[in-house]
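Everything on this sheet refers to the single structure shown next.
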Amino acid sequence: NLKEYRVLMKLVADYNQVCDPSKKFYWSSLFIIRPIQNFTEKDWQLTAAAGAFNLFVGVETFSDKARFHLGKKFTNEDIEFSIQMAVKYGITFILLFFIGYITETEDDVDFAINWYKEHVKYKDNLMICLGTPLGILEGTPLMQQFDQLGLVRTGPNDQDWTNPATGNTPA
């Protein structure tokens, strides 16, 4: 809830502005990237003033299509803006990814590799954490849609699947 988030950030920022510097409040948290129009530079200023230090973001993939399929409604443009704001305001951004979402293609992988190369300039404020290949677990929405999505089981492990439509495999 961005309305409540802003109220909290203002309270903490106001405290940080008047407190003894040794008692300033700093925090790290899981964080959600919002579309640019919903989370503006003013919000980033307030977040920094409230003592944000490290923000962990489940980006999951650089494929907008895959991220939207996951229910994460932010774009690569939103990610770029958020990184620029985090850098500008001295916040470390930790981007969390898993490897091989079911709709990803070889082009998506190539895009990610190029993205990493182009963003080395942010190395002092940006960390990338790559997880394991995507496992499809019993009871999850992906498992419930397994056949509908055209996935094929190739072995006994959660990561043993392929998507013939995209050529995607955990490998």
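Can you tally the net charge around residue 85? Count Lys and Arg as +1, Asp and Glu as -1, for every other residue whose Cβ sits under 12 Å from the Cβ of residue 85.
Local charge sum for residue 85: -1.
Ignoring ligands, DNA and RNA, what percent of the 1.4 Å accessible area of the stretch 73-171 is carbon and sulfur?
55 percent
Check every DSSP H run in the chain and write down those whose alpha carbon atoms cover 20 angstrom or more along the long axis and whose mean Kyte-Doolittle hydropathy is -0.5 or greater.
Span-like helices, by this rule, are 2-18.
Could you state, as a whole-number percent, how many of the C-alpha pairs of the stretch 108-159 are farther apart than 15 Å?
64 percent
Let me know the Rg and Dmax you get for the stretch 74-160 when you use only its Cα atoms, in Å.
16.2, 47
Using a Cα-Cα cut-off of under 24 Å, which lysines could be cross-linked to residue 65, ignoring same-chain neighbours fewer than 8 residues away?
Cα-Cα hits under 24 Å: 73, 117.
Build a GNM of the chain with springs between Cα atoms under 10 Å: which of 94, 36, 113 gets the top mean-square fluctuation?
Most flexible of the set in this elastic network: 113.
Where Rh is the Kirkwood radius over the Cα pairs of the chain, the temperature 37 °C and the viscosity 0.692 mPa s, what D in µm²/s does Stokes-Einstein return?
184 µm²/s
What translational diffusion coefficient, in µm²/s and rounded to a whole number, does the Stokes-Einstein relation yield for the stretch 75-117 at 10 °C and a viscosity of 1.306 mPa s, taking the hydrodynamic radius as the Kirkwood radius over Cα pairs?
The calculation lands on 133 µm²/s.
Quote the Stokes-Einstein diffusion coefficient, in whole µm² s⁻¹, for the stretch 15-75, based on the Kirkwood radius over alpha carbon pairs, a temperature of 37 °C and a viscosity of 0.692 mPa s.
Rounded, D is 244 µm²/s.
Measuring with a 1.4 Å probe in the full set of protein chains, what accessible area per residue, in whole Å², belongs to the stretch 55-104?
36 Å²
Which of the GluC sites (Glu not before Pro) found in the stretch 75-142 are loop residues per DSSP with 12 or fewer other Cβ atoms within 10 Å of their Cβ?
138
So how strong a dipole does the stretch 1-160 carry about its Cα centre when Lys and Arg Cβ are +1 and Asp and Glu Cβ are -1, to the nearest 20 debye?
820 debye
Would you compute, from DSSP H runs of 4+ residues alone, the mean residue ellipticity of the chain at 222 nm, taking -39500 (n - 2.57) per run and dividing by the full residue count, rounded to the nearest 500?
That calculation yields -11000 deg cm²/dmol at 222 nm.
The values are calculated or read from the model by the stated rules, or taken from the named source; none is laboratory data. Everything numeric in this text was worked out from a predicted model, so none of it was measured. We place every Cβ from the backbone using ideal geometry, glycine too, and count neighbours over all the protein chains shown. The protein model used for the area step is the full one, side chains on, heavy atoms only, and it has no ligands, DNA or RNA in it. Shrake-Rupley method; radii C 1.70, N 1.55, O 1.52, S 1.80 Å.
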